[in-house]
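Asker: I am attaching a structure below and will ask some questions about it afterwards.
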Amino acid sequence: ETARIGVTGLAVMGRNLARNLARHGHPVAVHNRTSARTRSLVDEFGHEGTFLPADTPEKFVGSLERPRRLVIMVKAGGPTDAVIDEFAPLLDPGDMIVDGGNANFADTRRRESALRERGVHFVGTGISGGEEGALHGPSIMPGGSAASYEALGPLLEDISAKVDGTPCCTHVGPDGAGHFVKMVHNGIEYADMQLIAESYDLLRHAAGLAPAEIAEVFRTWNTGRLGSYLIEITAEVLAHTDAATGRPFVDVVLDQAEQKGTGRWTVQTALDLGVPVGGIAEAVFARSVSGHAVLREASQNLPGPSRNDAFVSFGFPEAVEKALYASKIVAYAQGFHEIQAGSAEYGWNIDLGAMATIWRGGCIIRARFLDRIRAAYEADPQTPTLLTDPHFTEAVGDAQDAWREVIAIAAKLGIPVPGFSTALAYYDSLRAPRLPAALTQGQRDYFGAHTYRRVDREGTFHTLWGADRTETTP
Ligand code: NDP
């Protein structure tokens, strides 16, 4: 018997992906460096479908039908290279290696190009949805050659999440495109989580609501336009009581957020591409600030408004909902801008509306709102920003008074809202007919002769600041 596909790396993700494949009727070869994991998978879940366990790479590769489809689900970085080096010599031209780990897209580009020389398709694939998603249907973002997608697409679409019958999986684009899009997905996830955290903080410390009451507010929001997985689990977390102390769970958790790196990559890449993604950057920095225990401890007595100045105003939760929705639109607009820029830089030709479509289910940022983004790109695939889509323009326009008010209240009460603030600053920067960048250019020309352009004439100019200040054309 041969397997239609094989999975090597059977920790949480690989094991559940293999089970998902088997449950869908695809015979799956399974392999793990430490073969105990392979055995336990077959012992525990062998009844779910056809598993072909292999304890050596040779046996594993030998059990795959041709062209071979081999999925790697191991730790990203060095381990992925080690596994590729181990398996590639056993493959033939036309075979496919799918890397489902959270690889950096630059590594994926390098690996794809090296394997292409040997005729092997390397399919860098973003997979989102965590452990549960891998088992019940993740959002899948495969990159690589169009030919590899022909052979793999139907299988991947089969095991992906579905929304309204549409699979949350599509061919993203060549080489690193899939992992790039997965990276930005995670960056957007950081921004979304930060905005939700700020909303909670405001409801807690500006409106004086208790965690259980805030859970109710989030439950209500989840039935509206903010309806999403992240809002849903936020309500669950806030409603949870710590069994040991009887206190709200959120009050017994150390307030230092950790990160694995995809948010940081999103920002680093955005800096390289020259794309302003303040919402994502502030989210990464907010986690970073939270983790600086010594810095925070040393700052406890810095002057500021007292946390007891709770300001309760009628309709405050509704205002926060508007601030959250507007900020979220900005954060997503920034993330999609980054995908657009990456696509242009690397010639990927990514369909932005299709990305919104495959994020509607299975992944962490799945949300009702993504249907709106899909519609916006359907209406105008070339739009420079989602903010000018009529629906979003109207939504932000309607929210903006509340948005500004909420940020003003936060500033007065000394509650940090870096996500809300940067989103509004970005929005107002885009709207501004003139920016103080003109002054910046003047300063640059003054100290560095960096030159400037004029509003009224073509060309490049320099003012002789140290002399009689006549204008020259260098
Ligand atoms: P881990 O990232 O914890 O990786 C463990 C697996 O990697 C084990 O199978 C391990 O084998 C194998 N491995 C490590 N080093 C080597 C090596 N040098 N040679 C061969 N195998 C090696 O597993 P996860 O399941 O959490 O994640 C797998 C991938 O999926 C990662 O890239 C992760 O970033 C990504 N991912 C994870 C998500 C999640 O929610 N966890 C969500 C989306 C993507 P052994 O048993 O022998 O130690």
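FYI, it's all coordinate maths here, none of it is from the lab. Please read these numbers as outputs of a predicted model, since none were measured by experiment. Note that we place each Cβ from the backbone using ideal geometry, even for glycine, and neighbour counts take in every protein chain shown.
Asker: Once amide H atoms are built 1.01 Å from N in the peptide plane, which residues 5 or more positions from Val163, or in another chain, come under 5 Å H to H?
Answerer: Distant-sequence amide H within range of Val163: Cys168.
Asker: To continue, here is another question. Most exposed first by the Cβ proxy, i.e. fewest other Cβ within 10 Å, how do Val74, Val98, Val289 rank?
Answerer: By the 10 Å Cβ count, ascending, the order reads Val289, Val74, Val98.
Asker: Give me the percent of DSSP beta bridges within the chain that run antiparallel, rounded to the nearest 5.
Answerer: Just about 35 percent of them are antiparallel.
Asker: In nanometres, what is the gap between the two model label sites at Ala11 and Thr245, each 7 Å from Cα along Cα-to-Cβ?
Answerer: Simple spin-label model gives 3.0 nm for this pair.
Asker: Within segment 240-318, list the GluC sites (Glu not before Pro) lying in a DSSP loop whose Cβ has at most 11 other Cβ atoms in a 10 Å radius.
Answerer: Those that pass, being in a loop and sparsely packed, are Glu258.
Asker: Follow-up. Using only Cα atoms, what is the ratio of the radius of gyration of segment 3-127 to 2.2 N^0.38 Å?
Answerer: Against the compact-globule rule of thumb, the ratio is 0.97.
Asker: Same structure, new question: Whose amide H sits under 5 Å from the amide H of Gly6, counting only residues 5 or more places off or on another chain, with H placed in the peptide plane?
Answerer: Ala29, Arg69, Leu70, Val71
Asker: Working out 0.36 nm times the residue gap between Ala210 and Ala438, then minus their Cα-Cα distance, what length gain in nm do you get to one decimal?
Answerer: Contour length minus the Cα-Cα distance gives 77.4 nm.
Asker: Oh, and also: Can you check how the C-alpha radius of gyration of segment 377-450 compares to 2.2 N^0.38 Å, as a plain ratio?
Answerer: Scaled against compact globular proteins, the figure is 1.49.
Asker: Hey, what do the phi angles of segment 116-122 turn into as Karplus ³J(HN,Hα) couplings, whole Hz, using 6.51/-1.76/1.60 and θ = phi - 60°, x for Gly and Pro?
Answerer: These are the phi-based 3J(HN,Hα) values: 4, 4, 9, x, 9, 7, 10 Hz.
Asker: Turning to a different aspect of this structure: Would you list the P(r) distribution for segment 225-320, with all Cα-Cα distances sorted into 5 Å bins from 0 and each bin expressed as a whole %?
Answerer: Percent of pairs per bin, in order: 2, 9, 10, 13, 20, 21, 15, 7, 2, 0.
Asker: Among Phe285, Ala257, Gly274, whose Cα projects farthest towards the positive end of the dipole of segment 249-296, with charges put on the beta-carbon of Lys, Arg (+1) and Asp, Glu (-1)?
Answerer: After comparing all options, I get Gly274.
Asker: In whole angstrom, how long is each semi-axis of the equivalent ellipsoid of the chain, when you take the square root of 5 times every eigenvalue of its Cα gyration tensor and sort them from largest down?
Answerer: In descending order the semi-axes read 43, 31, 20 Å.
Asker: While we're looking at this one, here's another question. Based on DSSP H runs of at least 4 residues, each adding -39500 (n - 2.57), what is the mean residue ellipticity at 222 nm of the chain after dividing by all its residues, to the nearest 500 deg cm²/dmol?
Answerer: -17000 deg cm²/dmol
Asker: Which three numbers, in whole Å and largest first, are the semi-axes of the equivalent ellipsoid of segment 262-392 derived from its Cα gyration tensor as √(5λ)?
Answerer: Gyration-tensor ellipsoid for segment 262-392: 33, 22, 12 Å.
Asker: What is the Cα radius of gyration of segment 323-474 over 2.2 N^0.38 Å, N being its residue count?
Answerer: 1.38
Asker: About its Cα centre, how strong a charge dipole does the chain have in debye, to the nearest 20, once Lys and Arg get +1 and Asp and Glu get -1 at the Cβ?
Answerer: Dipole magnitude for the chain comes out near 360 debye.
Asker: If you place +1 on the Cβ of every Lys and Arg, -1 on the Cβ of every Asp and Glu, and leave all else neutral, what size is the dipole of segment 13-111 about its Cα centre, to the nearest 20 Debye?
Answerer: Once rounded to the nearest 20, the dipole reads 220 debye.
Asker: Please determine, in degrees from 0 to 90 and to the nearest 10, the orientation of helix 78-87 with respect to the longest principal axis defined by the Cα atoms of the chain, where the helix direction is its Cα long axis.
Answerer: On a 0 to 90 degree scale, this one is about 30.
Asker: Here's a follow-up. Modelled label-to-label distance, Leu430 and Asp164, 7 Å Cα→beta-carbon offset: nm?
Answerer: In this crude label model, Leu430 to Asp164 measures out at 2.4 nm.
Asker: Please rank Thr262, Thr38, Thr463, fewest neighbouring Cβ atoms within 10 Å first, as an exposure proxy.
Answerer: Fewest-to-most Cβ neighbours within 10 Å comes out as Thr463, Thr262, Thr38.
Asker: On to the next question. Which of the listed residues, Ala425, Trp465, Phe447, is farthest toward the dipole's positive end in segment 420-474, when Lys, Arg count +1 and Asp, Glu count -1 at the beta-carbon?
Answerer: Of the listed residues, the answer is Ala425.
Asker: Follow-up. Using θ = phi - 60° and the Karplus curve 6.51 cos²θ - 1.76 cosθ + 1.60, what whole-Hz ³J(HN,Hα) does each residue of segment 192-204 get, with Gly and Pro shown as x?
Answerer: Calculated HN-Hα couplings, in order: 4, 4, 5, 5, 5, 4, 5, 4, 4, 4, 5, 5, 6 Hz.
Asker: What is the set of long-range amide H partners of Leu64 at a cut-off below 5 Å, with H atoms built 1.01 Å from backbone N?
Answerer: HN-HN under 5 Å from Leu64: Ala3.
Asker: For segment 82-179, just the Cα set please: Rg and Dmax, both in angstrom.
Answerer: When restricted to Cα atoms, segment 82-179 yields Rg and Dmax of 13.2, 42 Å.
Asker: When only DSSP loop residues count, what trypsin sites (Lys or Arg not before Pro) in segment 204-263 have their Cβ near at most 13 other Cβ atoms within 10 Å?
Answerer: Qualifying residues, ordered by number: Lys260.
Asker: Something else now. Work out the length of the dipole vector of segment 353-466 about its Cα centre, built from +1 on the beta-carbon of each Lys and Arg and -1 on the beta-carbon of each Asp and Glu, and round it to the nearest 20 debye.
Answerer: The calculation lands at about 280 debye.
Asker: For segment 449-466, just list the computed ³J(HN,Hα) in residue order, Karplus coefficients 6.51, -1.76 and 1.60, θ = phi - 60°, integers in Hz, with x standing in for Gly and Pro.
Answerer: Per-residue couplings from phi come out as 6, 7, 6, 8, 10, 10, 7, 10, 8, 6, x, 10, 10, 9, 9, 7, 4, x Hz.
Asker: Quick check: the angle from helix 418-431's long axis to the longest principal axis of the chain, C-alpha only, nearest 10 degrees?
Answerer: 70
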